[in-house]
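Quick notes on the structure that follows.
The values are calculated or read from the model by the stated rules, or taken from the named source; none is laboratory data. What you are looking at is a predicted structure, and each value in this text was computed from that prediction instead of being measured. Here Cβ is always computed from backbone atoms with ideal geometry, including for glycine, and neighbour counts include all displayed protein chains. The area values use the complete protein model at the heavy-atom level, side chains included, leaving out ligands, DNA and RNA. Shrake-Rupley method; radii C 1.70, N 1.55, O 1.52, S 1.80 Å.
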Amino acid sequence: QGSPAELAKMLLEYKKSGKYSCDNATDCEDLEKTVRGDSLAGTGGCTAKALDKRVLQMLLFAIEAGQFKVGTYALCGAHFDDGPTGHAGGFAVDISSVNGVGVVTDSRASRDNTLKMDQFLNKLPKELKVRQLISWGYGNHPYKPMGDLQIFDSKPCGGASACEAIYEPETELDHMNHIHAGY
């Protein structure tokens with residue numbers, strides 16, 4: 001609980017202990033601006049004044065309740081303008097590493113950690129339930145068990161092929177090196 005500034009400060013504290021990492025320096029800049037109460041608009045494709053509180057709460061919940069080490073690559077400023085309800089509006093995050101292993105890495109550790117995170121994100125408490133979970137694979141290749149866990153409009157898509165029809169193949173192919181979680 002807390003204000004966006006307090007939650008961002010907590011994430012930055014977890015950075016010191018290695019439980020959180022800004023896999024892209026722009027994410028730390030977004031968090032530091034949030035702590036100061038500065039608008040995020042103007043960096044990259046970001047048009048948001050602030051990050052949605054649930055994005056920060058979800059990351060903290062993954063660290064605290066899920067016992068994950070979480071690395072992010074795109075909060076707001078490090079992403080292209082995907083519209084007011086996506087990263088650009090402060091409503092999404094790209095998780096790029098789980099437990100110190102990059103989702104982009106083609107390894108068993110990447111597969112296992114990414115799958116565990118996808119499973120965790122499917123079981124979030126009601127108040128943190130994501131509207132979107134796009135995770136098509138790891139190491140830049142598809143992995144059906146991850147595709148089967150994707151979420152659209154706050155509900156499971158109904159399997160990898162159903163998600164592919166919703167999110168379109170091009171979007172799915174772009175999500176084999178990170179996990180997109182959006183509100």
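In this structure, K9 does satisfy being in contact with a Ser or Thr (Cβ under 9 Å, 6 or more places away or on another chain), not in a loop (DSSP other than H, G, I, E, B) and not acidic (D, E).
Do we have any residue at all in segment 1-18 that's among the charged types (D, E, K, R) and touching a residue at least 40 places away in the same chain (Cβ under 8 Å)? Quick ask: steps written out before the conclusion?
Applying the first criterion (among the charged types (D, E, K, R)) to segment 1-18 yields 6, 9, 13, 15-16.
Filter again for touching a residue at least 40 places away in the same chain (Cβ under 8 Å), leaving none.
No, every residue in segment 1-18 fails to be among the charged types (D, E, K, R) and touching a residue at least 40 places away in the same chain (Cβ under 8 Å).
Screening S96 against (1) under 19 Å from D30 (Cβ atoms); (2) surrounded by fewer than 18 Cβ atoms within 10 Å (Cβ to Cβ); (3) not aliphatic (A, V, I, L, M) leaves a single unmet condition, (2). I'd like the full set of residues that are more than 17 Å from I134 (Cβ to Cβ) and under 14 Å from the mean Cα position of the chain (by Cα), limited to segment 53-69. Hits for segment 53-69 are K53, L56, Q57, L60, F61, I63, F68, K69.
Using the structure shown, decide if I63 is among the aliphatic types (A, V, I, L, M), more than 27 Å from H141 (Cβ to Cβ) and in contact (Cβ under 8 Å) with a residue 12 or more places away in the chain. Outline the logic, then answer.
Working: among the aliphatic types (A, V, I, L, M): yes; more than 27 Å from H141 (Cβ to Cβ): yes; in contact (Cβ under 8 Å) with a residue 12 or more places away in the chain: yes.
Considered against the rule, which asks whether it is among the aliphatic types (A, V, I, L, M), more than 27 Å from H141 (Cβ to Cβ) and in contact (Cβ under 8 Å) with a residue 12 or more places away in the chain, I63 comes out as yes.
Taking the criterion of being under 11 Å from the mean Cα position of the chain (by Cα), among the small types (G, A, S) and over 18 Å from G18 (Cβ atoms), would at least one residue in segment 93-107 satisfy it? Checking segment 93-107: not a single residue is under 11 Å from the mean Cα position of the chain (by Cα), among the small types (G, A, S) and over 18 Å from G18 (Cβ atoms). Taken over segment 111-137, the criterion of being more than 17 Å from K69 (Cα to Cα) and more than 14 Å from the chain's Cα centre (by Cα) is satisfied by K123, P125, K126, E127, G137. Any residue at all in segment 16-23 that is modelled with pLDDT of 95 or more, in a strand (DSSP E or B) and surrounded by fewer than 23 Cβ atoms within 10 Å (Cβ to Cβ)? Yes; the residues of segment 16-23 include at least one that is modelled with pLDDT of 95 or more, in a strand (DSSP E or B) and surrounded by fewer than 23 Cβ atoms within 10 Å (Cβ to Cβ). Within the bounds of segment 142-152, is there any residue that is open to solvent by 40 Å² or more (accessible area, probe 1.4 Å), among the hydroxyl-bearing types (S, T, Y) and on the phi < 0 side of the Ramachandran plot? Yes, because at least one residue in segment 142-152 is open to solvent by 40 Å² or more (accessible area, probe 1.4 Å), among the hydroxyl-bearing types (S, T, Y) and on the phi < 0 side of the Ramachandran plot. For T72, the criteria (1) surrounded by fewer than 22 Cβ atoms within 10 Å (Cβ to Cβ); (2) free of Cβ contacts under 8 Å to residues at least 60 places away in the same chain hold in every case but one, which is (1). Taking the conditions (1) without any contact (Cβ under 8 Å) to a residue 40 or more places away in the chain; (2) within 18 Å of K69 (Cα to Cα); (3) open to solvent by less than 30 Å² (accessible area, probe 1.4 Å); (4) hydrophobic (A, V, I, L, M, F, W, C) in turn, A160 satisfies each one other than (2). Here the helices (runs of 4 or more DSSP H) wholly within segment 85-183 that include at least 3 residues being modelled with pLDDT of 95 or more, under 14 Å from M58 (Cα atoms) and out of contact with any helix residue (DSSP H, G or I) (no Cβ under 6 Å at 6 or more places or on another chain) are 108-121. Scanning segment 35-62 for residues that are of a type in the set (V, I, T) and either open to solvent by 10 Å² or more (accessible area, probe 1.4 Å) or in a loop (DSSP other than H, G, I, E, B) (or both) gives V35, T43, T47.
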